[in-house]
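Everything on this sheet refers to the single structure shown next.
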Amino acid sequence: MMLNFVETDVPKGKQCLLDIGNYELSIVQNEMSYGNKQGLYEIAVFKDNNQVELPGITAPGDTIKGFLSLNDVRDLIVDMTIQYG
């Protein structure tokens, strides 16, 4: 699976956006993301331009998930596609 990241200026880093069913998955690695200093990624899920909690993808009560390896991100994409795609 190839993820296409684009460079971002504010915050400085990179982002990939994926449409999965009725949701948009944002994958970031930037100067503010959880795990950035370790070379890890953070995801957030959006629906209708609102950041949302998504059972099975984010923790209950949370809309983001950080400290993810690229393999973790790929696993979450597969899970999200199966559950919500």
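The values are calculated or read from the model by the stated rules, or taken from the named source; none is laboratory data. Keep in mind that this is a model prediction, so the values were computed, not measured. Positions of Cβ are backbone-derived with ideal geometry, glycine not excepted, and every protein chain shown enters the neighbour counts. Surface accessibility is based on the protein's heavy atoms, side chains included, excluding ligands, DNA and RNA. Shrake-Rupley method; radii C 1.70, N 1.55, O 1.52, S 1.80 Å.
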| query | Could you give every pair whose Cβ atoms fall below 9 Å, whose first residue belongs to region 29-55 and is basic (Lys, Arg), and whose second residue is in a loop (DSSP other than H, G, I, E, B) and open to solvent by less than 70 Å² (accessible area, probe 1.4 Å), counting only separations of at least 6 or pairs across chains? | reply | LYS47/LEU54
| Taking the condition surrounded by 14 or more Cβ atoms within 10 Å (Cβ to Cβ), of a type in the set (D, E, K, R) and at pLDDT 95 or above, does GLU31 pass? | no
| Quick one: what pairs do we get from region 6-17, first residue closer than 12 Å to GLU31 by Cβ and touching a residue at least 60 places away in the same chain (Cβ under 8 Å), second assigned to a strand (DSSP E or B) and open to solvent by less than 100 Å² (accessible area, probe 1.4 Å), C-beta under 7 Å, 6+ apart or different chains? | none
| field | Within region 37-50, tally of residues that are over 18 Å from LEU17 (Cβ atoms) and either among the polar types (S, T, N, Q) or out of contact with any Phe, Trp or Tyr (no Cβ under 7 Å at 6 or more places or on another chain) (or both) | value | 3
| query | Restricted to region 51-80, and to residues that are open to solvent by 70 Å² or more (accessible area, probe 1.4 Å) and touching a strand residue (DSSP E or B) at 6+ places or on another chain (Cβ under 6 Å), which residue is farthest from ASN22 (Cα to Cα)? | reply | LYS65
| Selection count, region 1-28, where residues are under 23 Å from GLU53 (Cα atoms), modelled with pLDDT of 95 or more and of a type in the set (A, V, I, L, M) | 6
| query | Tell me, which residue of region 1-28 that is more than 18 Å from LEU68 (Cα to Cα) and of a type in the set (A, V, I, L, M) is surrounded by the most Cβ atoms within 10 Å (Cβ to Cβ)? | reply | ILE20
